[in-house]
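Shown next, in structure tokens, is the structure this report addresses.
The values are calculated or read from the model by the stated rules, or taken from the named source; none is laboratory data. Note that this is a predicted model, so its numbers are computed, not measured. Backbone-built Cβ (ideal geometry, glycine too); neighbour counts: all protein chains shown. For accessibility, only protein heavy atoms count, side chains too; no ligands or nucleic acids. Shrake-Rupley method; radii C 1.70, N 1.55, O 1.52, S 1.80 Å.
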Amino acid sequence: MAVVDCDYPQHSIIKQKKRDMEVVKTTPVYQNLLVEQAGRLKKKAYPVIGSTPANCMTD
């Protein structure tokens, strides 16, 4: 599974994921929550791919 962010040029989903990742990297509480959630769900984080409406099917 993946998310294709076709909201070019804003790419708001990509920006939100980057903000979330920065918070997790700098906050031990969120790091622990992420590890716990990953272990419980046994799933990796989904990728977010930046694209345009014209290229989304091939990206």
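Could you tell me whether any residue of the range 45-59 is without any contact (Cβ under 8 Å) to a residue 60 or more places away in the chain, touching a His at 6+ places or on another chain (Cβ under 6 Å) and open to solvent by less than 80 Å² (accessible area, probe 1.4 Å)? Explain how you work it out, then say what you get.
At the first step, the residues of the range 45-59 found to be without any contact (Cβ under 8 Å) to a residue 60 or more places away in the chain are 45-59.
With the extra rule that they be touching a His at 6+ places or on another chain (Cβ under 6 Å), the set shrinks to 50.
Then drop every residue that is not open to solvent by less than 80 Å² (accessible area, probe 1.4 Å), which leaves 50.
Among the residues of the range 45-59, at least one is without any contact (Cβ under 8 Å) to a residue 60 or more places away in the chain, touching a His at 6+ places or on another chain (Cβ under 6 Å) and open to solvent by less than 80 Å² (accessible area, probe 1.4 Å), which makes the answer yes.
Among the residues of the range 21-59, write down those that are under 20 Å from VAL3 (Cβ atoms) and more than 18 Å from the chain's Cα centre (by Cα).
Once the filter is applied, which keeps residues that are under 20 Å from VAL3 (Cβ atoms) and more than 18 Å from the chain's Cα centre (by Cα), the range 21-59 yields PRO53, ALA54, ASN55, MET57, THR58.
Conditions (1) of a type outside the set (Asp, Glu); (2) open to solvent by 100 Å² or more (accessible area, probe 1.4 Å); (3) farther than 30 Å from ALA54 by Cβ; (4) not in a helix (DSSP H, G or I), marked per residue:
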residue: MET1; (1), (2), (3), (4): yes, yes, no, yes
residue: ILE13; (1), (2), (3), (4): yes, no, no, no
residue: GLN16; (1), (2), (3), (4): yes, no, no, no
residue: ASP20; (1), (2), (3), (4): no, no, no, no
residue: LEU33; (1), (2), (3), (4): yes, no, yes, no
residue: GLN37; (1), (2), (3), (4): yes, no, yes, no
